[in-house]
Amino acid sequence: MIRRLSCCPPPGGSFGSLRFHLVTGLVVAVSLAATFHYCLSMAGGMDMPGDWRMSMMWMPMPGQSRLDSALMFLSIWIAMMVAMMLPSLAAKLLLFYRSLVWKRAHHPGPSTAMVAGGYFMVWTAVGAGVYALGFPWAMATMTWPGLSRMVPFLTGLALVLAGAYQFGKWKREKLGRCRNLLVYGMAPKHPQKFNKKGELLPEIIEDAGLWASLVVGLQQGLSCVVCCAGSMVVLVALGAMNLYVMLAVAMVIALEKLLPNPKPVLYMTGSFAIGLGTVMVIRSLF
């Protein structure tokens, strides 16, 4: 136990915690305000054949170019991702920041910011991919009513697949990476992922330079994307501009990453998504 905690700052002492909380709180507050603004300004939608409603997020504004539409979508996506992901990521970033201050590393603030920047760069790239696929699909459903009538069935199928993903191997492996501690220090010669009790050991970063910190953030972001793939499918399928859906998905992600034992959350959310998706598929067929 002593070896497991020796890499980490002791519980006593702030080690820059107050400054970290102030900056993080400000970023979360701004992202939440932007998210609420976007959701309220894009409330409603267009009724479509097949008895479903298309979100305003996919509809270009009058006189808006394709590039402007893409940039607006990305600004909405980034605000949502920061508001949803940063609260559960903050504990990991805080420990990393405190370990930098504790061991008197150079530029602890910029290094921590680079980790967060790399993390959200990955989520921004995911948003670009979602738009690249979603916008043509939205235009196609507005053009062909027959395709639009298939959307409820496809939405239900997507929920079933997202629920099944919660039980998969990739989900468990990447969730472990997301839950792992992140600290600065000297890594042992033979690093282990788990100790004898099966508890996750800290992920030790030996180089806290700005470039190395960015790479660490990119790696953390990739792991989080794989871990949260099912939740993101649910978010996009049920309506990314729906505040209730967004809040529910954010709570699930936070519980998965922060609870001592996330398995009940995985099983409950997976079963719920499969059940809801099955109901939607059956309703679309009759």
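Karplus-derived 3J(HN,Hα) values for the range 74-86, using 6.51 cos²θ - 1.76 cosθ + 1.60 with θ = phi - 60°, are 5, 5, 5, 4, 5, 4, 5, 5, 5, 5, 7, 9, 4 Hz; glycine and proline are entered as x.
DSSP beta bridges confined to the chain are antiparallel in about 60 percent of cases. Remark on residue 184: its backbone amide H falls under 5 Å from those of 99, 100, 205, a criterion applied only to residues 5 or more positions apart or on other chains, H modelled at 1.01 Å from N. Ellipticity at 222 nm from helices only: DSSP H runs of n ≥ 4 in the chain, each -39500 (n - 2.57), divided by the residue count, give -23500 deg cm²/dmol. Rounded if a/c is under 1.5, else prolate if a/b is larger than b/c, else oblate: which is the chain, with a ≥ b ≥ c the root eigenvalues of its Cα gyration tensor? Here the chain falls in the prolate category. Each peptide in 35-42, 156-163 gets a packing score, the mean of other Cβ atoms within 10 Å over its residues, and the list from highest to lowest is 156-163, 35-42.
Shown for 253, 78: other C-beta atoms within 10 Å of each C-beta, ranked fewest to most, produce the order 78, 253.
No lab work stands behind these numbers, since they all come straight from the coordinates. All figures in this text were calculated on a predicted structure; none of them were measured in a lab. Using ideal geometry, Cβ is built from the backbone for each residue, glycine included, and neighbour counts are taken over all protein chains shown.
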